[in-house]
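Only one structure is covered here, and it is reproduced in the block below.
The values are calculated or read from the model by the stated rules, or taken from the named source; none is laboratory data. In this text, all values refer to a predicted model and were calculated from it rather than measured experimentally. Cβ placement follows ideal geometry from the backbone for every residue including glycine, while neighbour counts extend to all protein chains displayed. Just so you know, the surface numbers come from the protein's heavy atoms only, side chains and all, with ligands and any DNA or RNA stripped out. Shrake-Rupley method; radii C 1.70, N 1.55, O 1.52, S 1.80 Å.
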Amino acid sequence: MSKAHSSAPRILAAAALAAALLLAGCGTDQSESTSDADPSATAPTSGQTSGQPSGAATPEPSDASSARGPARPSVTGTIATGLEVPWGIAFLPDGSAVVTERDSARVLRLVAKGGTWDVSEIGTIDAADPAVEGGLLGVATSPDFDSDRLLYFYVTAADDNRIMRAELNGDDLGPAEPVLAGIPKGSVHDGGRILFGSDGYLYASTGETGERDLAQDRDSLGGKILRITPDGDPAPGNPDPDSPVWSWGHRNVQGLAWDDEQRLWASEFGDSTWDELNLVEKGRNYGWPGLEGRAADNPGVPAEGFTDPVAVWSTDVASPSGLAWAEGSLWLGALRGTRLWQVPVTADGVGRAKSHFVGDYGRLRTVASAPDGTLWVTTSNRDGRGTPSSQDDRILQVTLDR
């Protein structure tokens, strides 16, 4: 049932590495480093596609006032405190939540008890080998959870990144088994976000591990978005039927979200200039390492065949990680930018983005849409790059008012 990726897929259409690398990440090779960001920095601008196949979606800029009821967020509570780099959040059919901790490899379950949430450890993922940006990362709930009780995890192991799954029996997590192994591993740029689509298949973001050419290497699983069956096989309808690769040319995607139209969005770390919000579609090449940001931002670089991001940010106000959809907007957590970005989505594109909570809670890692309509937002101040408060790391509850 478990499988490693050993054959080389062919697609036709489709920091302390050392301490010095961590420090260099601020300017020349952005990972998740901190900075004194300017709260008034320019919001993202919308881009257009370059060399796209015909029929591609091409969002155009529009005024935020035309968005579908843009919401106003406010922090109305704290779900949990004292966590150790909470990275993934998944909700179960009963309304409880599963949270992963990157550095401890613990899996937590959060259950509502009156007006508070009870936090308990339900297990650990023993295969996890936490270091720098890797460890126990994303988590997703099986679409058939009521019958199979399965949770899926993105794990940085000793020799690779891999997708694993384990059965939840009551409050005990069973042993985890590999579903897809052989994803390249690095001390930085490990990707790690996973979620199921309405098609029943699992989508996973991978990083290029600092080895830039992996993003364009169609024989590698690094720098890609993958699409697999629950058992780890390439999903039917992939660009290459023998490969799990759905899209490529990504640097380090740590945020994935579906909107109401079942379009897949991804937030992506740039290098030293532009972070990106991408509309992800089958078989597209998103340009890295040849392009950072839009084709127009890379004069002299051939852009044919690459797909532009829908929006870009200066790296000092973003370093985007988690991404969620709620109330007609995409909500993006910023690590280096220490804020929550709101990007209204309209019928013909995206509106002007707005930042919230600038500097109030430090580094924001994960954003998840909760069943009650609120957002859960995690801080990431204990990851070695932040300044933790006595409550960190926390999960904040954000209410969206109209």
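Brief remarks follow.
- The phi-based Karplus calculation (6.51 cos²θ - 1.76 cosθ + 1.60; θ = phi - 60°) puts the 3J(HN,Hα) values of the stretch 265-280 at 10, 9, 9, 9, 5, x, 9, 10, 10, 10, 8, 9, 10, 10, 8, 8 Hz, whole numbers, x for Gly and Pro.
- Just the protein heavy atoms count here, and of the accessible area of the stretch 239-305 at 1.4 Å, carbon and sulfur take up 47 percent.
- Per residue value of the accessible surface for the stretch 291-355 (all protein chains in place, 1.4 Å probe), Å²: 28
- Label point distance in nm, GLU121-THR387, each placed 7 Å from Cα along Cα→Cβ: 3.1
- Distances between placed amide hydrogens fall under 5 Å for ASP392 paired with GLY82, all partners being 5 or more residues away or on another chain.
- Sequence-distant aspartates and glutamates (8 or more away, or on other chains) whose Cα lies within less than 19 Å of LYS354: ASP36, ASP38, GLU60, ASP63, ASP259, GLU268, ASP275, GLU276, ASP316, GLU327, ASP401
- Surface analysis of the stretch 79-236 yields an accessible area of 33 Å² per residue, using protein heavy atoms and a 1.4 Å probe.
- Volume of the convex hull of the stretch 150-194 (Cα atoms only), normalised per residue: 80 Å³.
- Sorting the segments 351-362, 244-255 by their mean number of nearby beta carbons within 10 angstrom, highest to lowest, gives 244-255, 351-362.
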